[in-house]
Amino acid sequence: MLYEVDVTIPKALDDRTRRFLAAVQGSANRVVRFSGDGRSIVVTVEVAGMGPADAVRGAAGEVARIFPASNDEKYGEPRQL
């Protein structure tokens, strides 16, 4: 199965973070897209080969590697692709 999971990070999306995420998106990471404002960032991660619950854990792990200091994430429901 292939899923997309939204992970919300309580951090402002400034220019520096936007450039960082654009670079991450172009690397081997599974970041599909990102958006945000002055309060939070939503990172959408693609997760393959897992069930719904494992897809959320996989997305959480991916975002933890990108933002290691962030531990207050909020996870959306996995969307099957």
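The values are calculated or read from the model by the stated rules, or taken from the named source; none is laboratory data. Keep in mind it's a predicted model, so treat the numbers as computed, not measured. Quick reminder, even Gly has a Cβ in these numbers, built from the backbone with ideal geometry, and neighbours come from all protein chains shown. Only protein heavy atoms, including side chains, enter the accessible area calculation; ligands, DNA and RNA are left aside. Shrake-Rupley method; radii C 1.70, N 1.55, O 1.52, S 1.80 Å.
Kindly express, to the nearest 10 degrees and within the range 0 to 90, the angle between helix 52-66's C-alpha long axis and the longest C-alpha principal axis of the chain.
It is inclined by approximately 30 degrees.
Considering the options PRO78, PHE20, SER40, tell which one lies farthest towards the positive end of the dipole of the chain, charges being +1 on Lys and Arg and -1 on Asp and Glu at the Cβ, about the Cα centre.
Going by the charge dipole, the pick is PHE20.
Taking the solvent-accessible surface of protein heavy atoms with a 1.4 Å probe, what is the per residue accessible area of the chain in Å²?
Per-residue value: 60 Å².
Once you treat every alpha carbon in the chain as an equal point and sum by Debye, what is log10 I(q)/I(0) at q = 0.17, 0.22, 0.24 Å⁻¹?
So the normalised log intensities work out to -0.59, -0.98, -1.15.
Could you give the angle, 0 to 90 degrees to the nearest 10, between helix 15-25's Cα long axis and the longest principal axis of the Cα atoms of the chain?
That helix lies at roughly 30 degrees to the long axis.
Can you give me the % of accessible surface on the chain that is carbon or sulfur? Probe 1.4 Å, all protein chains present, nothing else counted.
51
Order these peptides, 40-49, 8-17, by their mean beta-carbon neighbour count within 10 angstrom, highest first.
Order by mean packing, descending: 40-49, 8-17.
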